[in-house]
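K.L.:
Take a look at the following structure, please.
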Amino acid sequence: MSKKSTKSCVRKTKSCNPGWHSATVKIVHREGFHTRPAAQFAEIAQRFAAEVEVRCGRKKGDGKSILSLLALGAERGDKLTLRTRGPRAEETLKALGKLIQKG
Amino acid sequence: MKIAESLKKECILPDLEARNKVDCLMEFASCISSHLPGLAKDEVAHLLLDREKLGSTGIQDGVAIPHAKIKSLDHLVLLFGRSLTGIDFQSFDNKPTHLFFVLLVPEETTREHLKMLARLSRMLKKAPLREKLLQAKNVKEIYEILCEEDKKL
């Protein structure tokens, strides 16, 4: 669990926009964030109504779009910042973070 | 790695005859084996189909990126195909697939593979570009559109 840090922007951090929940997760899959994990990620994200944004370095993607996620080109060891906002945002964040950590 | 470095004009199929996933992948396998004689059609088709069994590479918005790792390859090979009628590729958004980028990569080249996937995805998420590819009249036009777009990435 040490690889993941979750913080609720609603509760504290000044630097975050209100309403956003965010978590940073490290890619552990040997082949990086390739088609299958990206498809699984988007599929889970689409089950929730919350907005999902994924950042990798300076690149930003829509968590519900496989093409957008693949465009990040995230490799093993890269850190992804997941941000969610809206209905069940925290639950959405947890489900997606868990998926990335699982590899 | 630029798209133009991996895609040859001979590997652009502007009007796929296939009407289903298996025939479509066979068509690509047949094309690549005739241009790279070291690659057997059946082996390529088999590997592409095996990958599909793990989950469809039909992504969204009429785009699919079938791919496979091939032991005998020493460089990344890209093929492009277009189906004007659309093929049921069991896409994630359940829409028919029109644009196919087939990626054949040597084993142990995860990084290159990922970078090419990212490059293609950055390009293909733009709706006007997808439309341009659907409207292109021939191989030459498709190749030019891809090279021009590639320069902007």
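K.L.:
Would you be able to tell me the number of residues in the stretch B:117-153 that are farther than 17 Å from B:GLY81 by Cβ, among the basic types (Lys, Arg) and surrounded by fewer than 12 Cβ atoms within 10 Å (Cβ to Cβ)?
P.N.:
Qualifying residue count for the region: 2.
K.L.:
Taking B:SER34 as the residue in question, decide whether it is among the hydroxyl-bearing types (Ser, Thr, Tyr), more than 14 Å from chain A (Cβ to nearest Cβ), over 22 Å from A:GLU43 (Cβ atoms) and under 13 Å from the mean Cα position of the chain (by Cα).
P.N.:
No: the conditions fail for B:SER34.
K.L.:
Please pick out the residue among A:ARG36, A:ARG47, A:ARG85 that is more than 21 Å from B:PHE92 (Cα to Cα) and of a type in the set (D, E, K, R).
P.N.:
A:ARG85
K.L.:
Let me ask something else. Between B:GLN90, B:GLN60, which is over 19 Å from A:GLY32 (Cα atoms), touching a Ser or Thr at 6+ places or on another chain (Cβ under 9 Å) and exposed (fewer than 15 other Cβ atoms within 10 Å of the Cβ)?
P.N.:
Sole residue among the options that is over 19 Å from A:GLY32 (Cα atoms), touching a Ser or Thr at 6+ places or on another chain (Cβ under 9 Å) and exposed (fewer than 15 other Cβ atoms within 10 Å of the Cβ): B:GLN90.
K.L.:
Looking at the stretch A:47-73, I want the residues that are part of a strand (DSSP E or B) and have a partner that is at pLDDT 95 or above and among the polar types (S, T, N, Q) with Cβ atoms under 6 Å, at least 6 apart or on another chain. Which pairs are those?
P.N.:
A:VAL52/A:THR84; A:ARG55/A:THR81; A:GLY61/A:SER68; A:ASP62/A:SER68
K.L.:
On the given criteria, is A:ARG36 more than 10 Å from chain B (Cβ to nearest Cβ) and of a type in the set (Lys, Arg)?
P.N.:
no
K.L.:
Looking at the structure I just gave you, is B:LYS53 more than 14 Å from every other protein chain (Cβ to nearest Cβ) and of a type outside the set (Gly, Ala, Ser)?
P.N.:
So B:LYS53 fails the test.
K.L.:
I've got another one for you. Would you call B:LEU25 within 24 Å of B:ASN94 (Cβ to Cβ) and surrounded by fewer than 17 Cβ atoms within 10 Å (Cβ to Cβ)?
P.N.:
So B:LEU25 fails the test.
So that you can scan it fast, the table gives a plain yes or no per residue for (1) in contact with a Leu (Cβ under 9 Å, 6 or more places away or on another chain); (2) surrounded by 21 or more Cβ atoms within 10 Å (Cβ to Cβ); (3) at pLDDT below 95:
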site: A:ALA42; (1), (2), (3): yes, yes, no
site: A:ARG47; (1), (2), (3): no, no, no
site: A:GLU51; (1), (2), (3): no, no, no
site: A:ASP62; (1), (2), (3): yes, no, no
site: A:SER68; (1), (2), (3): no, yes, no
site: A:ARG85; (1), (2), (3): no, no, no
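K.L.:
On to the next question. Does A:ILE100 count as among the hydrophobic types (A, V, I, L, M, F, W, C) and more than 13 Å from chain B (Cβ to nearest Cβ)?
P.N.:
So A:ILE100 passes the test.
K.L.:
Looking at this structure, is A:ARG76 at pLDDT below 95 and touching an Asp or Glu at 6+ places or on another chain (Cβ under 8 Å)? Spell out how you get there, then give the answer.
P.N.:
Details: at pLDDT below 95: yes; touching an Asp or Glu at 6+ places or on another chain (Cβ under 8 Å): yes.
Yes: the conditions hold for A:ARG76.
K.L.:
Follow-up. Which one is nearest to A:GLY73 (Cα to Cα), of the residues in the stretch B:126-153 that are within 11 Å of chain A (Cβ to nearest Cβ) and without any contact (Cβ under 8 Å) to a residue 40 or more places away in the chain?
P.N.:
Here the answer is B:LEU153.
K.L.:
Specify which of the listed residues (B:THR109, B:THR85) is more than 10 Å from chain A (Cβ to nearest Cβ), touching a residue at least 24 places away in the same chain (Cβ under 8 Å) and farther than 21 Å from A:PHE33 by Cα.
P.N.:
B:THR85
The values are calculated or read from the model by the stated rules, or taken from the named source; none is laboratory data. No experiment lies behind these values; they were computed from the predicted model shown. Don't worry about glycine lacking a Cβ; one is built from the backbone with ideal geometry, like all the others, and counts go over all protein chains shown.
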